[in-house]
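The next block holds one structure in the form of structure tokens; read it before the comments.
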Amino acid sequence: KTTQQESAAVEASSRSAEQAAARATVAAEERQQAESGRQQAEAAAQQAQSGRQQAEAAAQHANEQAQQAQSKMSEMQREREAELDRMQQALNRVAETRRTPNGMVILLPNSIFRFAFDKADLNETNRELLSRIAGIFLASKGYGLSVYGYTDDVGTADYNQQLSVRRARAVKDYLVQAGIDPAIVNVKGYGKTSPLIEGSGSEARAKNRRVEIAVTDSSIRFQ
């Protein structure tokens, strides 16, 4: 009986040892999984930190590029402003010129730029004046031209519209012959719809019969 009891005790001890070993194995596996999870979490955290650093570096680079672009644009604008100032000074010696938000406008009134009645032919004075203007244009780059024709209030709207277009085209044709690129010159006739001075007197009509040349900076739009 004592031997049986001893045998049972040994078996019980053996089972307890096996169970303890099994629990130890499970605990070791759980610790290993926990360690693996911790390492993965640390790797993910490091990756996230690296991603944040890369994003911050990219944002800083983009900001630096934007500042450089703004600085370059400001410098270009100052250069174009200076170029337009030089053009205006030269043009003012030829005809009245005024600045606009996008460039300038050259006013060629009837007093210095005359067309014969019902004609769109350029006379010698007109051609000489346009030659001087074209010479100034040829010394500069980065602009577009728009030639606008206007008439007084004598005659029908349709008649004056067609006449204003013919006169504006005559100016464009001469500028092109003088060397201006035809691709940068637009033409438009306003007829009698946009008088410079309201009224039907001879003085008002003389000032309303005019041609205007708009010079638009095609490099930078000025604010």
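The values are calculated or read from the model by the stated rules, or taken from the named source; none is laboratory data. Just so it is clear, the model here is predicted, and its values are computed rather than measured. No Cβ is skipped: glycine too gets one built from the backbone with ideal geometry, and neighbour counts run over all protein chains shown. Each accessible area value is taken on the protein alone, full model and side chains, heavy atoms only, with ligands, DNA and RNA left out. Shrake-Rupley method; radii C 1.70, N 1.55, O 1.52, S 1.80 Å.
Key figures for this structure:
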read-out	value
Net charge dipole size for the chain [Lys, Arg +1 and Asp, Glu -1 on Cβ; Debye, nearest 20]	1040 debye
Low-density loop positions, chymotrypsin sites (Phe, Trp or Tyr not before Pro), the range 36-135 - DSSP coil, at most 12 other Cβ in 10 Å	117
Heavy atoms of residue 198: accessible area, 1.4 Å probe, square angstrom to 10	150 Å²
Residue (of 187, 46, 170) at the positive-pole extreme of the chain, dipole from beta-carbon charges	170
Those trypsin sites (Lys or Arg not before Pro) in the range 101-173 that DSSP places in a loop and that have at most 13 other beta carbons within 10 Å	119, 141
Nearest-ten-degree value, helix 124-138 long axis tilted from longest Cα axis of the chain	20 degrees
Carbon and sulfur %, accessible surface of the range 171-223 computed with the full protein complex present, 1.4 Å	46 percent
Simple label model, 7 Å out from Cα along Cβ direction - residue 204 to residue 23, nm	11.3 nm
Normalised contact order of the chain, rounded percent, pairs of Cα under 8 Å and 6 or more residues apart	23 percent
For the range 89-188, size of Cβ-based charge dipole, Lys and Arg +1, Asp and Glu -1, in debye	360 debye
FRET efficiency for residue 57 and residue 141, using Cβ-Cβ distance with R0 set to 41 Å, rounded to 0.05	0.55
10 Å-binned pair-distance histogram of the chain (Cα, whole percent)	7, 21, 18, 10, 6, 6, 5, 5, 5, 4, 4, 4, 3, 2, 0
Percent carbon-and-sulfur accessible area, the range 58-97, ignoring ligands, DNA and RNA, probe 1.4 Å	46 percent
Of 84, 135, 17, farthest towards positive along the dipole that unit charges on Lys, Arg, Asp, Glu beta carbons give the chain	135
Filtered GluC sites (Glu not before Pro), the range 79-152: DSSP coil and at most 10 other beta carbons within 10 Å	none
Per residue value of the accessible surface for the chain (all protein chains in place, 1.4 Å probe), Å²	64 Å²
Percentage relative contact order, the range 102-185, counting C-alpha pairs under 8 Å, at least six apart	35 percent
Subset of 72/188; 119/141; 119/192; 141/207 violating a 27 Å alpha-carbon distance limit	72/188; 119/141; 141/207
